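Novice: Quick one: the structure is below, questions incoming.
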Amino acid sequence: RRVDGHAVWLSSAALQAAGISATTPDPSGGRILRRPDGSPSGVLVDNAMGVLDRVLPPATAADLERRFLAATRACAAAGLTQVQDASGHAGEEIAALERLAAAKQLPIRVYATISPQQSVVASFFSRGVRVGRGSDLLTVRAIKAVSDGALGSRGAALLADYSDEPGRQGLLVTPPERLSELATQARRQGWQLWIHAIGDRGNRVSLDAFSHAARAAAKAAPGGERPRIEHAQVVAPEDIPRFGREGVIASIQPTHATSDMPWAEARVGPQRVTGAYAWRRLVRTGARLVGGSDFPVESEKPLLGFYAAITRQNPDGQPPGGWRPEEKLTRREALALFTSDAAYAAFEEDRRGKIAPGFQADLTVLAEDPMTAPERRISEIPVVLTVVDGKIVHRRQVAARQ
């Protein structure tokens, strides 16, 4: 599986088990890569990966619980007190999280999203949002949809051809009309909607869906506001001001910029790359940003994201001065990405995201202050303690001296 989760490579036996041959058409929103003779190469992109459901055994309830525990423990060790989980879970996955929360086994808080599949959405709409379940460890009040694919696999939907593959403009994974319908339903029902969008067409379609919803449901039900676009990676210059003007949160992953910088311009060319990872311009035009990692695509460690946001360099300090340094954020802005602005994006700005009287005691103790530490040391600052609601959930282990 490709690291971004948008492509897989199957063996010939797996292709046969999935029923994929030279005559199998590409599904809507997906692509089967083929050899010159038309036979499948084994690489499936985006919606073409749906065939895996036919050949892979489903995860058991115990599998799901084990995975969630492993992931949340790793996040606690990285200094996170909450994860905003963009996986888009089905009912059985949410049920596993609910069991862990009820048993107080989750070390940190989880703000989870549900799948955009109609049956899942209908089921959760009938049950309503779930805020602060299981000792306030689990909240389920958001839907995660997907507009397009990823830039690396050339699945991100572009308004014009890829610069390094003429004739290819990427994939719209979800039809635009379905995104508009979902955005309107969420707004009316009091659910937050997140839409994954990477390419400039994918971002425009997503912004249009939220704009349609605001017209169709002028007054949102409580909780139906604060729509989010996950990634906001390549945005047409004329669409950048729409985030601030239309109240759409730009959920960015700073380490994506520093991971993608060796090849991003080759994909989109020198003109379009000026609208890529354009954090400073988003802020300047009034957008509210929230920071994340896209874990496990990138490392879960927020200090790596903090470092990338202020330097636009990889951990080795390259390139000197940063890649497209005019889009850097300040340290204060980078801190807000992962604290107060993250709390706002989860409707929790009145009780989390700050160390202040009356706020919950969710905090991280670091060995050095990232607001004053030399840039080169920031990503390596050790996490000493992670505290959730006043309880230590991670403590740094220091080797005893001989």
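The values are calculated or read from the model by the stated rules, or taken from the named source; none is laboratory data. Bear in mind the structure is a predicted one, so any value in this text is a computation, not a measurement. No Cβ is skipped: glycine too gets one built from the backbone with ideal geometry, and neighbour counts run over all protein chains shown.
Novice: On the basis of being at pLDDT 95 or above and either closer than 30 Å to residue 364 by Cβ or surrounded by 19 or more Cβ atoms within 10 Å (Cβ to Cβ) (or both), does residue 129 make the cut? If you could, list the steps in order and put the result at the bottom.
Specialist: Working: at pLDDT 95 or above: no; either closer than 30 Å to residue 364 by Cβ or surrounded by 19 or more Cβ atoms within 10 Å (Cβ to Cβ) (or both): yes.
The answer is no for residue 129.
Novice: A further question follows. Taking the residues in segment 195-244 that are free of Cβ contacts under 8 Å to residues at least 12 places away in the same chain and in a helix (DSSP H, G or I) as candidates, determine which candidate is farthest from residue 87 (Cα to Cα).
Specialist: To start, the set of residues in segment 195-244 that are free of Cβ contacts under 8 Å to residues at least 12 places away in the same chain comprises 215, 218-219, 238.
Narrowing further to those that are in a helix (DSSP H, G or I): 215, 238.
Values: 215: 28, 238: 30 Å.
Only one residue tops the list, namely 238.
Novice: Scanning for something surrounded by fewer than 24 Cβ atoms within 10 Å (Cβ to Cβ), farther than 27 Å from residue 265 by Cα, of a type outside the set (Lys, Arg) and free of Cβ contacts under 8 Å to residues at least 12 places away in the same chain, does segment 165-172 turn up at least one residue?
Specialist: no
Novice: Still on this structure: Only one residue in 220, 250, 232 is modelled with pLDDT under 95 and either in contact with a helix residue (DSSP H, G or I) (Cβ under 7 Å, 6 or more places away or on another chain) or not assigned by TED's automatic domain parsing to the domain that holds residue 320 (or both). Which one?
Specialist: Values: 250 fails: modelled with pLDDT under 95; 232 fails: modelled with pLDDT under 95.
The match here is 220.
Novice: I need a count of the residues in segment 266-282 that are in a helix (DSSP H, G or I), touching a residue at least 24 places away in the same chain (Cβ under 8 Å) and on the phi < 0 side of the Ramachandran plot. Step through it out loud before you land on a result.
Specialist: Our first condition is that a residue be in a helix (DSSP H, G or I); within segment 266-282, this holds for 266-275, 279-282.
Now restrict to residues that are touching a residue at least 24 places away in the same chain (Cβ under 8 Å): 266-269, 272-275, 279-282.
From what is left, the residues that are on the phi < 0 side of the Ramachandran plot are 266-268, 272-275, 279-282.
Going through segment 266-282 one residue at a time, the tally reaches 11.
Rundown of residues vs (1) in a strand (DSSP E or B); (2) in the same structural domain as residue 300 (by TED's automatic domain parsing); (3) among the polar types (S, T, N, Q); (4) within 24 Å of the chain's Cα centre (by Cα), yes/no style:
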| residue | (1), (2), (3), (4) |
| --- | --- |
| 17 | no, no, no, no |
| 20 | no, no, no, no |
| 25 | no, no, no, no |
| 33 | yes, no, no, no |
| 37 | no, no, no, no |
| 44 | yes, no, no, yes |
| 50 | no, no, no, yes |
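Novice: Is it true that residue 88 is in the same structural domain as residue 175 (by TED's automatic domain parsing) and outside any strand (DSSP E or B)?
Specialist: Values: in the same structural domain as residue 175 (by TED's automatic domain parsing): yes; outside any strand (DSSP E or B): no.
So residue 88 fails the test.
Novice: A further question on this structure: Does segment 162-183 contain at least one residue that is assigned to a strand (DSSP E or B), under 13 Å from residue 227 (Cα atoms) and of a type outside the set (Asp, Glu)? Full working, then the answer.
Specialist: Just the residues of segment 162-183 that are assigned to a strand (DSSP E or B), to begin with: 162, 165, 172.
Add one more test, that the residue is under 13 Å from residue 227 (Cα atoms), and what stays is none.
Scanning segment 162-183 turns up no residue that is assigned to a strand (DSSP E or B), under 13 Å from residue 227 (Cα atoms) and of a type outside the set (Asp, Glu).
Novice: Can residue 332 be described as modelled with pLDDT of 95 or more, under 23 Å from residue 157 (Cα atoms) and out of contact with any Pro (no Cβ under 6 Å at 6 or more places or on another chain)? Before the answer, list the steps.
Specialist: Numbers: modelled with pLDDT of 95 or more: yes; under 23 Å from residue 157 (Cα atoms): no; out of contact with any Pro (no Cβ under 6 Å at 6 or more places or on another chain): yes.
No: the conditions fail for residue 332.
Novice: While we're looking at this one, here's another question. Within segment 5-14, can you find the residues that are out of contact with any Gly (no Cβ under 6 Å at 6 or more places or on another chain) and buried (at least 20 other Cβ atoms within 10 Å of the Cβ)? Lay out the reasoning, then the answer.
Specialist: Our first condition is that a residue be out of contact with any Gly (no Cβ under 6 Å at 6 or more places or on another chain); within segment 5-14, this holds for 5, 7-8, 11-14.
Within segment 5-14, 7 is the sole residue that qualifies.
Novice: Quick one: count up the residues across segment 31-52 that are at pLDDT below 85, closer than 17 Å to residue 175 by Cβ and surrounded by 15 or more Cβ atoms within 10 Å (Cβ to Cβ).
Specialist: So the answer is 3.
Novice: Select from segment 337-376 the residues that are more than 18 Å from residue 79 (Cα to Cα) and not in a loop (DSSP other than H, G, I, E, B) and list them in ascending order.
Specialist: Within segment 337-376, 344, 345, 375, 376 meet the criteria.
Novice: Can you name every residue in segment 85-125 that is more than 22 Å from residue 293 (Cα to Cα) and in contact with a strand residue (DSSP E or B) (Cβ under 6 Å, 6 or more places away or on another chain)?
Specialist: Correct list: 101, 120, 124.
Novice: Still on this structure, I have one more. Give me the pairs, please: first residue somewhere in segment 147-163 and free of Cβ contacts under 8 Å to residues at least 60 places away in the same chain, second residue anywhere and in a strand (DSSP E or B) and among the acidic types (Asp, Glu), beta-carbon distance under 7 Å, and either six or more positions apart or on two chains.
Specialist: 157/148
Novice: Find all pairs meeting these conditions: Cβ atoms under 8 angstrom apart; at least six residues apart or on different chains; first residue within segment 334-347 and acidic (Asp, Glu); second residue part of a loop (DSSP other than H, G, I, E, B).
Specialist: Every condition considered, the pairs that remain are 341/288; 341/353.
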